[in-house]
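Bear in mind that the values in this text are calculations on the coordinates, not laboratory data. Everything quoted here is computed from the prediction, not taken from an experiment. Glycine also receives a Cβ, built like all others from the backbone with ideal geometry; neighbour counts cover every protein chain displayed.
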Amino acid sequence: MKTYDVAAYVWPSYTGKEPRAYQFWEQGIGEWQSVKSAVKRCDDHILPRRPLWGYCDEADPEVMKMQIDEAVKHGVNVFIYDWYWYDRRPFLEQCLDEGFLGAPNNEKMRFYLMWANHDAGYLWDKRQPDLNETVWFGTQPRDQFDAICDRVIEKYFKRPNYYKINGCPVFMIYEMSNLVRGLGGVDRAREALAHFRALTKRAGFPDLHLQATVYAENAVNVSGVDAARTGSTRDLVRMLGFDSATHYQFVHFTDCNRDYLEILPDVQREWDRIRETYDVPYYPHISVGWDNNPRFNRLTLPIMKNTTPENIRKGFEMAKAYADRYNDVPLVTVNSWNEWTEMSYLEPDDVNGYGYLEAIRDVFLKGE
């Protein structure tokens, strides 16, 4: 039977072990603080939702041992960790370093990094989520980019269970525009990425596999300084030499304030558009939901509706069919393992139980 690489994003905020996180979540339990205070704000709102596994510390290796077992049993065999670098140092590495990599069974799963190089603001602070100020910038100059390259190669790429495509460690970058802006334009960004590839090869790998996060095909500043020089994500993928593309969330490219089954045809069209217009493989992405209200003290839209396990299963079936038809590497990305404050998670809850995990199992492990 064909084996699929089902890769779920991990939001590593559910721990109190990150000292810099206290400015956002002062109770010392990470963003569980916002999840616990979520309330229903409209008639069709399915909030609050509670985790069946409890508000556990995901930087605890015993917690992650259990989660790894459950993930693999249900067909999720790769974690994509959101990874951050702010103010000259990493942020929120504990869930990966202490939890996942500290779990005695961690080699049952593979993992890779998505560099979440967006700016950090007050969205994470429920006391003032609308405050339009930047806490840390996601843009990084060349010296910091080089420090990132050295760190991820030595600390993560060399792990035996780091996810690779054709032997090349996969590194995903979230914001192409911030990458270019921080490095000073496309030419300098291309030079920096070429250096990253050279360092990866020097470490003993065939090459680096760079994966791009696709948003809507909006114009982006390709010079880093001159707003008149614009392009698109497609242009940057080509100019910077990326090797593949996927999405992070449906909300990045379509209206999610509607029924899940109304959204799926738009998703299929977006996949087809990328396949037809990009020069690199696209790996299909499925989002489980979208509802950002746990981060706010008022009603905020959009709210994805009717995200039942039965409907989510239809999305997984669509992704499997795409992978079977178009891709040599059967990789599917999922948002997410644990995005509780965006209501897009696979972990079991008190509304659907293990329904989302069972949907993945039934689609990707059927017949085992």
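Residues considered: Pro206, Pro61, Pro19. Largest GNM mean-square fluctuation over the chain, using C-alpha springs under 10 Å, is found at Pro19.
Farthest towards the positive end of the charge dipole of the chain, among the residues Val135, Pro12, Tyr81, is the Cα of Tyr81, using unit charges on the Cβ of Lys, Arg, Asp and Glu.
Arranged from fewest to most other beta-carbon atoms within 10 Å of their beta carbon, Ile286, Ile46, Ile263, Ile153 become Ile46, Ile153, Ile263, Ile286. When both bridge partners sit in the chain, DSSP labels roughly 30% of those beta bridges antiparallel.
Here segment 83-118 and segment 143-221 have alpha carbon centers that stand 16 Å from each other.
If you plug the beta carbon distance of Leu299 and Lys164 into 1/(1 + (r/R0)^6) with R0 = 45 Å, you get a FRET efficiency near 0.55. Residue pairs exceeding 19 angstrom between C-alpha atoms, taken from Lys108/Lys320; Lys73/Lys305; Lys73/Lys366; Lys73/Lys108; Lys73/Lys155: Lys108/Lys320; Lys73/Lys305; Lys73/Lys155. The lysines within cross-link reach of Lys36, meaning a Cα-to-Cα straight distance under 19 Å and a gap of 8 or more places when in the same chain, are Lys17, Lys126.
Where in segment 50-75 is the amide nitrogen less than 12 Å from a point lying 7 Å along the Cα-to-Cβ axis of Lys36? Within reach of a label on Lys36, which here means backbone N under 12 Å from a point 7 Å along Cα→Cβ, segment 50-75 contributes 55-57. Around the amide H of Ser344, modelled in the peptide plane, lie the amide H atoms of Glu339, all under 5 Å away and 5 or more residues distant in sequence or on another chain. Which aspartates and glutamates, on any chain, are close to Lys164 with Cα under 16 Å apart, when same-chain ones fewer than 8 places away are left out? Within reach: Asp5, Glu107, Glu154, Asp207, Asp243, Asp328. Taking the number of Cβ atoms within 10 Å of each Cβ as an exposure proxy, the fewest-first ranking of Tyr345, Tyr156 is Tyr156, Tyr345.
Please report Ile148, Ile360 as a ranked list, fewest other C-beta atoms within 10 angstrom at the top and most at the bottom.
Ile148, Ile360
If only the Cβ of Lys and Arg carry +1 and only the Cβ of Asp and Glu carry -1, the dipole of the chain around its Cα centre is close to 520 debye. Stretching Lys155 away from Glu217 to a fully extended chain increases their span by 19.0 nm, per 0.36 nm per residue minus the current alpha-carbon distance. Using alpha carbons only, the radius of gyration of segment 90-232 set against its Kirkwood radius gives Rg/Rh = 1.00. One chain, two ends: Gln23 and Asp362. Fully extended at 0.36 nm per residue, the span grows by 117.9 nm beyond their Cα-Cα distance.
Dipole orientation for the chain: of the candidates Ser232, Ile165, Tyr260, Ile165 has the Cα lying most toward the positive pole (charges on Cβ; Lys, Arg +1; Asp, Glu -1). Roughly what would the spin-label model give for Thr134 and Asp146, points 7 Å off Cα along C-beta, in nm? The two pseudo-label positions are separated by 2.3 nm.
Report the charge-dipole magnitude of segment 227-284 in Debye, nearest 20, computed about the Cα centre from +1 at each Lys and Arg Cβ and -1 at each Asp and Glu Cβ. Could the numbers behind the result be given before it?
Working: 7 positive and 10 negative charges, 50 e Å.
Roughly 240 debye, rounded to the nearest 20.
Given (i) 0.93; (ii) 1.00; (iii) 1.38 as candidate values of Rg/Rh (Cα atoms, Kirkwood Rh), which corresponds to the one derived from the coordinates? Answer label, from the structure shown: (i). Each helix, a run of at least 4 DSSP H residues, gives -39500 (n - 2.57); summed and divided by the residues of the chain, these come to -9000 deg cm²/dmol at 222 nm. Extending 7 Å from the Cα toward the beta-carbon at both Asp279 and Met66 defines two label points whose distance is 4.9 nm. Annotation: amide H-H contacts under 5 Å for Ile80 (H modelled 1.01 Å from N, sequence separation of 5 or more, or interchain): Ala8, Tyr9, Val10, Tyr112.
Given their separation in residues at 0.36 nm each and the Cα-Cα distance between them, Glu107 and Glu310 gain 70.0 nm when the chain is fully extended. Candidates Ala116, Asn327, Asn352 compared by Cα position along the dipole of the chain: farthest toward the positive end lies Asn327, with charges placed on Cβ. Charged side chains reduced to their Cβ positions (Lys and Arg at +1, Asp and Glu at -1) give segment 221-368 a dipole of some 300 debye around its Cα centre. Across segment 158-165, coupling constants 3J(HN,Hα) worked out from phi with the 6.51/-1.76/1.60 Karplus curve, θ = phi - 60°, read 7, 5, x, 9, 6, 6, 10, 10 Hz, and Gly and Pro carry x.
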